[in-house]
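Remarks on the structure that follows.
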Amino acid sequence: MLTIFIINIVYVSLFTLRIIMVMKSRIKTAAWISMAEVFIYLMGLNLVLKNIDKPLNLAAYCIGWGVGVWLGSKIESWLALGYVTFEIIVDHTEASLPGLLRSHGFGVTSWLAEGRDGTRLVMQVLVKRSNEKKLMKRIGELAPKAFIISYEPRFFRGGFWTKRMEG
């Protein structure tokens, strides 16, 4: 029973990571993970099917699946692969905010826009996911009322980041 539980945790964690790697266009890594994943899956399935008459083995399989999804997601968040784009909207009077964020190492593109209540400053910031919390902390300190939207870009070319990656 414990073996089935552990095998399923490992299998589903790998499954979760493989899917994330595919979504982030890391196809070679996903292919290698899938080979280990299917091997572990077949071992676990074989154990369960040989002992299908034991409800505790089925329960271990199901619980291991849930724990594996949780663990795979945690591993992915620890790895923090990829980038996040933030769109930050503040009152236009906070015009010094782009410079302050740049002084903390963030690349910022900004422009003025019209909102329901008047002129707004819009900033777009691309950060590595590993720096996402750092940026959110800075924004919280510098502009606690900011409206923030974030999304994960799948592709980018040119600009500030390309120069950093080439160097």
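The values are calculated or read from the model by the stated rules, or taken from the named source; none is laboratory data. A quick note: this is a predicted structure, and the numbers were derived from the prediction, not measured. Neighbour counts run over all protein chains shown; Cβ positions are idealised from the backbone, glycine included. Accessible surface is based on the protein model in full, side chains and every heavy atom, while ligands, DNA and RNA are left aside. Shrake-Rupley method; radii C 1.70, N 1.55, O 1.52, S 1.80 Å.
Give me the orientation-averaged projected area of the Cα convex hull of segment 34-167, in nm², one decimal.
12.7 nm²
How high is the relative contact order of segment 49-161, in percent, counting Cα pairs under 8 Å that sit 6 or more residues apart?
Working: 126 pairs, mean separation 35.7, N = 113.
After rounding, I find 32 percent.
Label point 7 Å out from residue 62 along Cα-to-Cβ: which residues of segment 1-25 have amide N under 15 Å?
Only 5 pass the distance filter.
Say we join alpha carbon atoms closer than 10 Å with springs in a Gaussian network model of the chain; which of 77, 34, 103 then has the biggest fluctuation?
Result: 103 has the largest fluctuation of those listed.
Would you mind classifying segment 22-95 by shape? Square roots of the alpha carbon gyration tensor eigenvalues, ordered a ≥ b ≥ c; an a/c under 1.5 is rounded, otherwise it is prolate if a/b is larger than b/c and oblate if not. Working shown, then result.
Numbers: a/c = 5.84, a/b = 2.31, b/c = 2.53.
It comes out oblate by the Cα gyration axes.
In whole Å, what is the distance between the alpha-carbon centres of segment 1-51 and segment 96-164?
Taking the Cα centre of each part, segment 1-51 and segment 96-164 sit 37 Å apart.
Relative contact order for segment 1-90: what percent, with Cα pairs under 8 Å and sequence separation of 6 or more?
Details: 89 pairs, mean separation 41.1, N = 90.
It comes to 46 percent, rounded to a whole number.
I need the calculated FRET efficiency for the pair residue 157 and residue 79, taking r as the beta carbon distance and R₀ as 22 Å, to the nearest 0.05.
E(calc), rounded to 0.05, equals 0.40.
Please compute the per residue accessible area over the chain with all protein chains in place, 1.4 Å probe, rounded to a whole number of Å².
64 Å²
Once you have the Cα-Cα distance between residue 38 and residue 22, take 0.36 nm times their residue separation minus that, and quote the gain in nm to one decimal.
4.2 nm
With the full set of protein chains in place, find how many percent of the accessible area of the chain is carbon and sulfur; take the probe as 1.4 Å.
64 percent
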